[in-house]
Ligand SMILES: C[S@@+](CC[C@H](N)C(=O)[O-])C[C@H]1O[C@@H](n2cnc3c(N)ncnc32)[C@H](O)[C@@H]1O
(Lines give C-alpha, C1' and ligand atoms only; values in the text may rest on other atoms or scores of the structure.)
Protein backbone atom coordinates (compact mmCIF):
# COMPACT_ATOMS: atom_id res chain seq x y z
CA UNK A 1 0.00 0.00 0.00
CA UNK A 2 1.41 3.45 -0.85
CA UNK A 3 2.28 5.80 2.05
CA UNK A 4 -0.86 7.78 3.00
CA UNK A 5 -1.04 11.46 2.05
CA UNK A 6 -2.67 14.37 3.87
CA UNK A 7 -4.76 17.06 2.22
CA UNK A 8 -5.72 20.25 4.05
CA UNK A 9 -8.53 22.27 2.59
CA UNK A 10 -9.21 25.76 3.88
CA UNK A 11 -12.40 27.55 2.97
CA UNK A 12 -11.48 31.20 3.33
CA UNK A 13 -9.56 34.12 1.88
CA UNK A 14 -6.00 33.09 1.09
CA UNK A 15 -4.70 36.61 1.65
CA UNK A 16 -5.89 36.53 5.26
CA UNK A 17 -5.68 32.97 6.51
CA UNK A 18 -2.81 32.85 8.99
CA UNK A 19 -3.80 29.22 9.55
CA UNK A 20 -1.59 28.41 6.59
CA UNK A 21 1.45 29.14 8.75
CA UNK A 22 0.55 26.19 11.02
CA UNK A 23 0.99 23.66 8.20
CA UNK A 24 4.27 22.11 7.03
CA UNK A 25 6.43 24.31 4.80
CA UNK A 26 5.55 24.16 1.11
CA UNK A 27 7.76 22.70 -1.64
CA UNK A 28 5.67 23.92 -4.57
CA UNK A 29 3.16 26.75 -4.68
CA UNK A 30 1.17 26.17 -7.79
CA UNK A 31 -1.77 28.37 -8.61
CA UNK A 32 -3.82 30.42 -11.00
CA UNK A 33 -5.27 33.51 -9.32
CA UNK A 34 -8.52 34.91 -10.70
CA UNK A 35 -7.44 36.98 -13.69
CA UNK A 36 -8.28 40.59 -13.07
CA UNK A 37 -11.97 40.98 -13.97
CA UNK A 38 -11.67 38.44 -16.79
CA UNK A 39 -14.75 39.01 -18.95
CA UNK A 40 -16.01 35.38 -18.99
CA UNK A 41 -15.21 34.39 -15.42
CA UNK A 42 -14.61 37.28 -13.06
CA UNK A 43 -16.05 40.43 -14.56
CA UNK A 44 -16.31 43.12 -11.87
CA UNK A 45 -14.83 40.82 -9.19
CA UNK A 46 -12.28 43.48 -8.24
CA UNK A 47 -13.16 47.04 -7.54
CA UNK A 48 -10.28 48.21 -9.71
CA UNK A 49 -6.86 47.13 -10.96
CA UNK A 50 -5.06 48.36 -7.85
CA UNK A 51 -7.31 46.18 -5.66
CA UNK A 52 -6.31 43.20 -7.77
CA UNK A 53 -2.61 43.99 -7.49
CA UNK A 54 -3.05 44.59 -3.76
CA UNK A 55 -4.44 41.06 -3.49
CA UNK A 56 -1.44 39.69 -5.42
CA UNK A 57 0.90 41.58 -3.08
CA UNK A 58 -0.83 40.21 0.02
CA UNK A 59 -0.89 36.59 -1.03
CA UNK A 60 2.67 36.88 -2.39
CA UNK A 61 3.90 38.09 1.00
CA UNK A 62 2.03 35.56 3.10
CA UNK A 63 3.01 32.57 0.97
CA UNK A 64 6.63 33.64 0.84
CA UNK A 65 6.65 32.84 4.56
CA UNK A 66 5.14 29.39 4.01
CA UNK A 67 7.47 28.38 1.19
CA UNK A 68 10.62 26.37 1.98
CA UNK A 69 13.90 28.09 1.05
CA UNK A 70 14.60 26.76 -2.45
CA UNK A 71 10.86 26.10 -2.89
CA UNK A 72 9.25 26.80 -6.25
CA UNK A 73 6.27 28.87 -7.39
CA UNK A 74 4.44 28.10 -10.64
CA UNK A 75 2.08 30.99 -11.32
CA UNK A 76 -0.32 30.60 -14.21
CA UNK A 77 -1.39 34.06 -15.32
CA UNK A 78 -1.77 36.33 -18.31
CA UNK A 79 -2.26 39.94 -19.27
CA UNK A 80 -5.93 40.77 -19.52
CA UNK A 81 -7.79 42.64 -22.22
CA UNK A 82 -10.92 44.34 -20.94
CA UNK A 83 -12.93 46.73 -23.07
CA UNK A 84 -9.99 47.58 -25.25
CA UNK A 85 -7.52 48.10 -22.39
CA UNK A 86 -4.72 45.59 -21.91
CA UNK A 87 -3.74 45.26 -18.25
CA UNK A 88 0.00 44.51 -17.93
CA UNK A 89 -0.59 41.87 -15.25
CA UNK A 90 2.52 39.80 -15.94
CA UNK A 91 4.80 42.78 -15.76
CA UNK A 92 3.16 44.11 -12.59
CA UNK A 93 3.30 40.69 -10.90
CA UNK A 94 6.98 40.39 -11.77
CA UNK A 95 7.57 43.70 -10.05
CA UNK A 96 5.52 42.78 -6.96
CA UNK A 97 7.04 39.31 -6.60
CA UNK A 98 10.62 40.45 -7.05
CA UNK A 99 10.06 43.21 -4.46
CA UNK A 100 8.89 40.53 -2.03
CA UNK A 101 12.05 38.50 -2.60
CA UNK A 102 11.09 35.75 -5.07
CA UNK A 103 13.66 35.07 -7.79
CA UNK A 104 12.32 34.81 -11.32
CA UNK A 105 13.76 31.62 -12.78
CA UNK A 106 11.90 31.40 -16.05
CA UNK A 107 8.74 31.64 -18.03
CA UNK A 108 6.82 28.80 -19.65
CA UNK A 109 4.43 29.58 -22.46
CA UNK A 110 1.25 27.51 -22.45
CA UNK A 111 -0.10 27.15 -25.96
CA UNK A 112 -3.73 26.07 -26.32
CA UNK A 113 -5.19 24.42 -29.40
CA UNK A 114 -6.54 26.95 -31.86
CA UNK A 115 -10.09 25.62 -31.74
CA UNK A 116 -10.25 26.32 -27.99
CA UNK A 117 -9.86 30.08 -28.06
CA UNK A 118 -12.63 31.49 -25.89
CA UNK A 119 -12.23 35.14 -26.76
CA UNK A 120 -13.95 36.67 -29.73
CA UNK A 121 -11.69 36.63 -32.75
CA UNK A 122 -10.14 40.06 -32.86
CA UNK A 123 -8.13 39.27 -35.96
CA UNK A 124 -11.31 39.64 -38.02
CA UNK A 125 -10.77 43.41 -37.81
CA UNK A 126 -7.81 43.14 -40.16
CA UNK A 127 -9.63 40.79 -42.49
CA UNK A 128 -12.32 43.44 -42.87
CA UNK A 129 -9.77 46.26 -43.09
CA UNK A 130 -6.62 44.75 -44.58
CA UNK A 131 -4.47 47.83 -43.93
CA UNK A 132 -1.68 48.77 -41.53
CA UNK A 133 -2.62 49.44 -37.89
CA UNK A 134 -5.71 47.18 -37.93
CA UNK A 135 -3.84 44.22 -36.48
CA UNK A 136 -5.36 42.65 -33.35
CA UNK A 137 -4.14 39.06 -32.92
CA UNK A 138 -6.12 36.22 -31.35
CA UNK A 139 -4.58 35.06 -28.11
CA UNK A 140 -4.11 31.35 -27.54
CA UNK A 141 -1.39 31.65 -24.93
CA UNK A 142 -1.07 31.89 -21.20
CA UNK A 143 2.05 32.11 -19.13
CA UNK A 144 3.42 30.10 -16.24
CA UNK A 145 5.96 32.17 -14.30
CA UNK A 146 8.50 30.11 -12.38
CA UNK A 147 9.92 31.68 -9.22
CA UNK A 148 12.16 30.26 -6.52
CA UNK A 149 12.54 31.33 -2.92
CA UNK A 150 16.21 32.07 -2.27
CA UNK A 151 18.05 29.46 -0.25
CA UNK A 152 21.16 29.88 1.88
CA UNK A 153 22.03 26.28 1.25
CA UNK A 154 24.09 25.52 -1.78
CA UNK A 155 21.63 23.63 -3.96
CA UNK A 156 23.37 20.74 -5.66
CA UNK A 157 22.16 18.21 -8.16
CA UNK A 158 22.86 14.61 -9.04
CA UNK A 159 19.99 14.16 -11.49
CA UNK A 160 19.09 16.11 -14.62
CA UNK A 161 15.78 16.56 -16.47
CA UNK A 162 15.22 18.31 -19.82
CA UNK A 163 12.15 20.16 -21.10
CA UNK A 164 11.22 22.87 -23.58
CA UNK A 165 9.61 26.07 -22.38
CA UNK A 166 6.61 26.10 -24.71
CA UNK A 167 4.01 23.58 -23.60
CA UNK A 168 1.06 22.54 -25.71
CA UNK A 169 -1.85 21.64 -23.47
CA UNK A 170 -5.58 21.52 -24.08
CA UNK A 171 -7.50 23.86 -21.83
CA UNK A 172 -10.70 23.05 -19.92
CA UNK A 173 -13.75 24.73 -21.33
CA UNK A 174 -16.25 25.33 -18.50
CA UNK A 175 -19.07 23.68 -20.40
CA UNK A 176 -22.47 23.09 -18.81
CA UNK A 177 -22.72 19.86 -16.81
CA UNK A 178 -19.00 19.66 -16.14
CA UNK A 179 -17.68 19.65 -12.61
CA UNK A 180 -15.78 22.83 -13.43
CA UNK A 181 -18.77 24.77 -14.79
CA UNK A 182 -18.26 28.48 -14.01
CA UNK A 183 -14.76 27.86 -12.65
CA UNK A 184 -11.82 28.87 -14.80
CA UNK A 185 -10.11 25.55 -14.15
CA UNK A 186 -6.76 24.66 -15.65
CA UNK A 187 -6.25 21.23 -17.19
CA UNK A 188 -4.86 18.47 -14.96
CA UNK A 189 -1.88 18.30 -17.26
CA UNK A 190 -0.64 21.66 -15.94
CA UNK A 191 -0.26 20.68 -12.24
CA UNK A 192 0.81 17.18 -13.30
CA UNK A 193 3.82 18.51 -15.19
CA UNK A 194 4.82 21.05 -12.54
CA UNK A 195 4.41 18.63 -9.64
CA UNK A 196 6.37 15.91 -11.41
CA UNK A 197 9.14 18.33 -12.35
CA UNK A 198 9.52 20.29 -9.12
CA UNK A 199 8.61 17.89 -6.31
CA UNK A 200 9.08 14.34 -5.19
CA UNK A 201 6.79 11.83 -3.42
CA UNK A 202 5.82 13.11 0.02
CA UNK A 203 6.43 16.79 -0.89
CA UNK A 204 3.92 19.49 0.06
CA UNK A 205 2.07 21.24 -2.77
CA UNK A 206 -0.16 24.26 -2.16
CA UNK A 207 -2.77 26.04 -4.27
CA UNK A 208 -4.14 29.19 -2.58
CA UNK A 209 -6.73 29.79 -5.36
CA UNK A 210 -7.98 26.25 -5.50
CA UNK A 211 -11.13 26.60 -7.62
CA UNK A 212 -12.44 23.12 -8.43
CA UNK A 213 -9.50 21.39 -6.70
CA UNK A 214 -7.46 20.35 -9.75
CA UNK A 215 -4.10 20.84 -7.99
CA UNK A 216 -5.10 18.79 -4.95
CA UNK A 217 -6.54 16.03 -7.13
CA UNK A 218 -3.32 15.66 -9.09
CA UNK A 219 -1.15 16.02 -5.96
CA UNK A 220 -3.01 13.12 -4.40
CA UNK A 221 -2.69 10.98 -7.52
CA UNK A 222 1.05 11.65 -7.56
CA UNK A 223 1.36 10.83 -3.83
CA UNK A 224 2.15 14.36 -2.66
CA UNK A 225 0.55 16.07 0.35
CA UNK A 226 -1.47 19.16 -0.45
CA UNK A 227 -2.99 22.34 0.92
CA UNK A 228 -5.71 24.24 -0.89
CA UNK A 229 -7.51 27.48 -0.11
CA UNK A 230 -10.77 28.51 -1.77
CA UNK A 231 -12.88 31.50 -0.87
CA UNK A 232 -16.17 30.17 -2.22
CA UNK A 233 -17.76 27.77 0.23
CA UNK A 234 -20.19 26.52 -2.40
CA UNK A 235 -17.29 24.87 -4.24
CA UNK A 236 -16.70 22.48 -1.31
CA UNK A 237 -18.76 19.55 -2.68
CA UNK A 238 -17.12 19.94 -6.10
CA UNK A 239 -13.64 19.99 -4.58
CA UNK A 240 -14.34 16.93 -2.42
CA UNK A 241 -15.66 15.02 -5.39
CA UNK A 242 -12.79 16.05 -7.61
CA UNK A 243 -10.10 15.06 -5.12
CA UNK A 244 -11.93 11.79 -4.56
CA UNK A 245 -13.21 12.11 -1.00
CA UNK A 246 -16.90 11.50 -0.91
CA UNK A 247 -17.29 9.34 2.21
CA UNK A 248 -18.41 10.97 5.44
CA UNK A 249 -15.22 10.63 7.46
CA UNK A 250 -13.09 11.88 4.57
CA UNK A 251 -10.62 9.07 4.89
CA UNK A 252 -10.27 6.84 1.92
CA UNK A 253 -10.27 3.15 2.91
CA UNK A 254 -8.14 2.18 -0.01
CA UNK A 255 -5.03 4.19 0.76
CA UNK A 256 -5.67 5.84 4.15
CA UNK A 257 -5.32 9.30 2.58
CA UNK A 258 -6.95 12.03 4.62
CA UNK A 259 -8.81 15.22 3.77
CA UNK A 260 -8.93 17.75 6.62
CA UNK A 261 -11.30 20.66 6.12
CA UNK A 262 -10.75 23.96 7.90
CA UNK A 263 -13.68 26.31 7.68
CA UNK A 264 -12.64 29.78 8.72
CA UNK A 265 -14.85 32.50 10.01
CA UNK A 266 -15.35 35.27 7.50
CA UNK A 267 -14.34 37.86 10.07
CA UNK A 268 -11.02 36.24 10.81
CA UNK A 269 -8.68 38.98 11.89
CA UNK A 270 -6.36 40.46 9.38
CA UNK A 271 -2.73 40.74 10.35
CA UNK A 272 0.05 42.98 9.15
CA UNK A 273 0.03 41.49 5.67
CA UNK A 274 -3.33 43.09 5.04
CA UNK A 275 -1.91 46.56 4.96
CA UNK A 276 -2.74 49.46 2.73
CA UNK A 277 -1.08 48.82 -0.59
CA UNK A 278 0.65 51.57 -2.46
CA UNK A 279 0.24 52.07 -6.18
CA UNK A 280 1.71 49.19 -8.17
CA UNK A 281 0.94 49.93 -11.77
CA UNK A 282 1.62 52.77 -14.12
CA UNK A 283 -1.34 51.86 -16.25
CA UNK A 284 -3.39 54.93 -15.26
CA UNK A 285 -0.56 57.11 -16.56
CA UNK A 286 -0.54 55.26 -19.86
CA UNK A 287 -4.29 55.64 -20.28
CA UNK A 288 -4.15 59.40 -19.96
CA UNK A 289 -4.79 61.27 -23.14
CA UNK A 290 -1.54 61.93 -24.88
CA UNK A 291 -0.47 65.56 -24.82
CA UNK A 292 0.66 66.87 -28.15
CA UNK A 293 4.19 68.20 -28.32
CA UNK A 294 3.42 70.00 -31.59
CA UNK A 295 6.08 69.59 -34.23
CA UNK A 296 8.28 67.19 -32.34
CA UNK A 297 6.87 64.09 -34.05
CA UNK A 298 8.97 62.34 -36.60
CA UNK A 299 8.60 58.55 -36.43
CA UNK A 300 5.69 56.37 -37.48
CA UNK A 301 7.09 53.20 -35.96
CA UNK A 302 9.72 52.54 -33.33
CA UNK A 303 11.22 49.10 -33.58
CA UNK A 304 13.60 48.18 -30.79
CA UNK A 305 15.57 45.07 -30.16
CA UNK A 306 15.82 45.14 -26.35
CA UNK A 307 17.03 41.57 -25.92
CA UNK A 308 19.75 41.42 -23.33
CA UNK A 309 20.49 45.09 -23.09
CA UNK A 310 21.69 46.70 -19.92
CA UNK A 311 19.49 48.45 -17.40
CA UNK A 312 21.05 51.79 -18.29
CA UNK A 313 19.88 51.64 -21.88
CA UNK A 314 16.51 53.17 -21.19
CA UNK A 315 17.94 56.62 -20.70
CA UNK A 316 17.14 60.13 -21.81
CA UNK A 317 18.00 59.56 -25.46
CA UNK A 318 15.64 56.60 -25.55
CA UNK A 319 12.85 58.71 -24.09
CA UNK A 320 13.49 61.43 -26.63
CA UNK A 321 12.79 58.86 -29.33
CA UNK A 322 9.53 57.93 -27.70
CA UNK A 323 8.50 61.56 -27.67
CA UNK A 324 9.12 61.70 -31.39
CA UNK A 325 6.71 58.86 -32.11
CA UNK A 326 3.50 60.11 -33.69
CA UNK A 327 0.35 59.78 -31.54
CA UNK A 328 -1.53 56.57 -32.16
CA UNK A 329 1.55 54.76 -33.46
CA UNK A 330 3.40 51.66 -32.31
CA UNK A 331 6.55 50.99 -30.33
CA UNK A 332 7.49 47.34 -30.93
CA UNK A 333 9.96 45.95 -28.40
CA UNK A 334 11.66 42.63 -29.05
CA UNK A 335 12.34 41.27 -25.62
CA UNK A 336 13.95 38.36 -23.85
CA UNK A 337 11.94 37.83 -20.70
CA UNK A 338 14.68 35.82 -19.07
CA UNK A 339 18.23 36.71 -18.42
CA UNK A 340 21.06 35.56 -16.30
CA UNK A 341 22.23 38.85 -14.96
CA UNK A 342 20.73 41.44 -12.65
CA UNK A 343 22.35 44.05 -14.87
CA UNK A 344 20.06 43.24 -17.75
CA UNK A 345 16.76 44.96 -18.25
CA UNK A 346 13.74 43.18 -16.75
CA UNK A 347 10.30 43.20 -18.33
CA UNK A 348 8.71 45.27 -15.60
CA UNK A 349 11.42 47.90 -15.99
CA UNK A 350 10.73 48.18 -19.72
CA UNK A 351 6.98 48.29 -19.24
CA UNK A 352 7.23 50.82 -16.44
CA UNK A 353 9.49 53.19 -18.32
CA UNK A 354 7.44 53.00 -21.49
CA UNK A 355 4.15 53.50 -19.67
CA UNK A 356 5.64 56.40 -17.77
CA UNK A 357 5.94 58.03 -21.20
CA UNK A 358 2.27 57.63 -21.92
CA UNK A 359 2.24 54.45 -24.02
CA UNK A 360 0.07 51.47 -23.17
CA UNK A 361 0.46 47.78 -23.87
CA UNK A 362 -1.50 46.76 -26.95
CA UNK A 363 -0.42 43.18 -27.56
CA UNK A 364 2.26 40.59 -27.03
CA UNK A 365 3.51 38.31 -29.78
CA UNK A 366 5.49 35.20 -28.87
CA UNK A 367 7.98 34.15 -31.53
CA UNK A 368 8.63 30.43 -31.33
CA UNK A 369 11.96 29.22 -32.76
CA UNK A 370 14.18 26.16 -32.57
CA UNK A 371 15.45 25.46 -29.06
CA UNK A 372 18.33 27.82 -28.42
CA UNK A 373 20.03 28.50 -25.09
CA UNK A 374 18.55 27.17 -21.86
CA UNK A 375 17.57 28.23 -18.36
CA UNK A 376 17.56 25.98 -15.37
CA UNK A 377 16.35 25.44 -11.83
CA UNK A 378 18.12 23.38 -9.20
CA UNK A 379 15.55 21.98 -6.83
CA UNK A 380 15.71 21.13 -3.14
CA UNK A 381 15.69 17.45 -3.99
CA UNK A 382 18.90 17.54 -5.97
CA UNK A 383 17.58 17.75 -9.49
CA UNK A 384 18.80 20.10 -12.17
CA UNK A 385 15.81 20.97 -14.36
CA UNK A 386 16.90 22.32 -17.72
CA UNK A 387 14.46 24.17 -20.00
CA UNK A 388 15.49 24.58 -23.62
CA UNK A 389 14.43 28.07 -24.54
CA UNK A 390 12.22 28.24 -27.63
CA UNK A 391 10.91 31.79 -27.86
CA UNK A 392 11.31 35.49 -27.57
CA UNK A 393 8.58 38.08 -27.34
CA UNK A 394 7.54 41.23 -29.12
CA UNK A 395 5.66 43.71 -26.95
CA UNK A 396 3.51 46.14 -28.89
CA UNK A 397 2.96 49.44 -27.12
CA UNK A 398 0.82 52.21 -28.54
CA UNK A 399 0.79 55.95 -28.00
CA UNK A 400 -2.90 56.76 -27.46
CA UNK A 401 -5.42 55.91 -30.15
CA UNK A 402 -4.76 55.75 -33.86
CA UNK A 403 -7.02 57.89 -35.99
CA UNK A 404 -8.01 55.45 -38.71
CA UNK A 405 -9.89 58.18 -40.55
CA UNK A 406 -6.67 60.19 -40.79
CA UNK A 407 -5.53 58.07 -43.75
CA UNK A 408 -7.11 58.43 -47.15
CA UNK A 409 -8.60 55.46 -49.00
CA UNK A 410 -5.78 55.81 -51.51
CA UNK A 411 -3.08 55.63 -48.81
CA UNK A 412 -4.75 52.55 -47.42
CA UNK A 413 -5.26 50.85 -50.77
CA UNK A 414 -1.54 51.33 -51.50
CA UNK A 415 -0.74 49.20 -48.45
CA UNK A 416 -3.10 46.28 -48.78
CA UNK A 417 -2.12 43.38 -46.56
CA UNK A 418 -2.27 40.03 -48.28
CA UNK A 419 -5.17 38.30 -46.53
CA UNK A 420 -4.35 34.87 -47.93
CA UNK A 421 -0.81 35.03 -46.59
CA UNK A 422 -2.09 36.46 -43.29
CA UNK A 423 -4.35 33.44 -42.86
CA UNK A 424 -2.09 30.76 -44.29
CA UNK A 425 0.94 31.77 -42.25
CA UNK A 426 -1.23 32.45 -39.18
CA UNK A 427 -0.10 35.98 -38.58
CA UNK A 428 -3.43 36.37 -36.81
CA UNK A 429 -2.28 34.43 -33.75
CA UNK A 430 -0.28 35.74 -30.80
CA UNK A 431 2.13 32.87 -31.41
CA UNK A 432 4.25 33.18 -34.56
CA UNK A 433 5.36 29.64 -35.04
CA UNK A 434 8.83 29.21 -36.58
CA UNK A 435 9.63 26.17 -34.48
CA UNK A 436 11.91 24.64 -37.11
CA UNK A 437 13.93 27.77 -37.72
CA UNK A 438 16.95 29.03 -35.82
CA UNK A 439 16.28 32.08 -33.70
CA UNK A 440 18.40 34.50 -35.75
CA UNK A 441 16.59 33.55 -38.95
CA UNK A 442 13.25 34.51 -37.42
CA UNK A 443 14.24 38.11 -36.84
CA UNK A 444 14.06 39.27 -40.45
CA UNK A 445 10.63 37.66 -40.96
CA UNK A 446 9.37 39.15 -37.71
CA UNK A 447 10.56 42.67 -38.47
CA UNK A 448 9.24 42.51 -42.02
CA UNK A 449 5.80 41.44 -40.75
CA UNK A 450 5.78 44.24 -38.18
CA UNK A 451 6.53 46.80 -40.86
CA UNK A 452 3.78 45.48 -43.07
CA UNK A 453 1.30 45.47 -40.19
CA UNK A 454 2.07 48.89 -38.75
CA UNK A 455 3.58 51.12 -41.43
CA UNK A 456 2.08 52.97 -44.39
CA UNK A 457 4.15 53.89 -47.43
CA UNK A 458 6.67 56.75 -47.26
CA UNK A 459 6.75 56.77 -43.49
CA UNK A 460 9.78 56.86 -41.19
CA UNK A 461 10.85 54.18 -38.81
CA UNK A 462 13.45 54.45 -36.10
CA UNK A 463 15.25 51.29 -35.04
CA UNK A 464 18.39 49.82 -33.51
CA UNK A 465 18.19 46.79 -35.81
CA UNK A 466 20.53 46.80 -38.77
CA UNK A 467 19.22 45.75 -42.14
CA UNK A 468 15.50 45.68 -41.76
CA UNK A 469 13.54 45.13 -44.93
CA UNK A 470 9.98 44.74 -46.10
CA UNK A 471 9.26 44.36 -49.78
CA UNK A 472 5.67 45.57 -49.26
CA UNK A 473 6.54 49.06 -47.99
CA UNK A 474 8.53 52.09 -49.08
CA UNK A 475 10.02 53.60 -45.96
CA UNK A 476 13.03 55.42 -44.64
CA UNK A 477 14.99 54.39 -41.61
CA UNK A 478 16.89 56.14 -38.86
CA UNK A 479 19.22 54.05 -36.78
CA UNK A 480 20.25 54.56 -33.22
CA UNK A 481 22.19 52.55 -30.69
CA UNK A 482 20.84 51.30 -27.39
CA UNK A 483 23.53 50.90 -24.74
C1 LIG B 1 -8.74 30.75 -11.75
S2 LIG B 1 -9.65 29.98 -10.49
C3 LIG B 1 -8.67 28.63 -10.10
C4 LIG B 1 -9.11 27.41 -10.83
C5 LIG B 1 -8.31 26.19 -10.46
N6 LIG B 1 -6.94 26.26 -10.90
C7 LIG B 1 -8.95 24.95 -11.01
O8 LIG B 1 -8.29 24.21 -11.78
O9 LIG B 1 -10.12 24.72 -10.76
C10 LIG B 1 -9.41 31.05 -9.13
C11 LIG B 1 -10.17 30.64 -7.87
O12 LIG B 1 -9.71 31.48 -6.81
C13 LIG B 1 -10.82 31.75 -5.94
N14 LIG B 1 -10.46 32.95 -5.17
C15 LIG B 1 -10.57 34.24 -5.54
N16 LIG B 1 -10.10 35.05 -4.57
C17 LIG B 1 -9.67 34.24 -3.59
C18 LIG B 1 -9.08 34.48 -2.32
N19 LIG B 1 -8.81 35.73 -1.91
N20 LIG B 1 -8.76 33.42 -1.54
C21 LIG B 1 -9.01 32.15 -1.97
N22 LIG B 1 -9.60 31.87 -3.16
C23 LIG B 1 -9.91 32.89 -3.95
C24 LIG B 1 -11.97 31.90 -6.90
O25 LIG B 1 -13.20 31.70 -6.22
C26 LIG B 1 -11.67 30.83 -7.95
O27 LIG B 1 -12.31 29.62 -7.61
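Need the failing condition index for residue 215 against (1) modelled with pLDDT under 95; (2) within 13 Å of the ligand (Cβ to nearest atom); (3) surrounded by 19 or more Cβ atoms within 10 Å (Cβ to Cβ), just the number. Tallying (1) modelled with pLDDT under 95; (2) within 13 Å of the ligand (Cβ to nearest atom); (3) surrounded by 19 or more Cβ atoms within 10 Å (Cβ to Cβ), residue 215 fails exactly one: (1).
When each of 70, 74, 60 is tested for being assigned to a strand (DSSP E or B) and touching a helix residue (DSSP H, G or I) at 6+ places or on another chain (Cβ under 7 Å), the lone residue that passes is 74. Being on the phi > 0 side of the Ramachandran plot and under 22 Å from the mean Cα position of the chain (by Cα) is the filter here, so list the residues in the stretch 302-340 that pass it. Matches in the stretch 302-340: 308 only.
Applying the set (1) assigned to a loop (DSSP other than H, G, I, E, B); (2) more than 9 Å from the ligand (Cβ to nearest atom); (3) without any contact (Cβ under 8 Å) to a residue 40 or more places away in the chain; (4) within 30 Å of residue 369 (Cβ to Cβ) to residue 170 leaves exactly one unmet item: (3). Select, from 58, 86, 95, 16, the only residue that is over 22 Å from the mean Cα position of the chain (by Cα) and either crowded, with 19+ Cβ neighbours inside 10 Å or more than 16 Å from the ligand (Cβ to nearest atom) (or both). Exactly one residue qualifies, and that residue is 16. When the stretch 19-55 is filtered for residues that are under 18 Å from the mean Cα position of the chain (by Cα) and modelled with pLDDT of 95 or more, the ones remaining, listed by number, are 29, 30, 31, 32.
The values are calculated or read from the model by the stated rules, or taken from the named source; none is laboratory data. These figures come from a predicted structure and were not determined experimentally. So basically every Cβ, Gly included, is an ideal-geometry build from the backbone, and we count neighbours across all protein chains shown.
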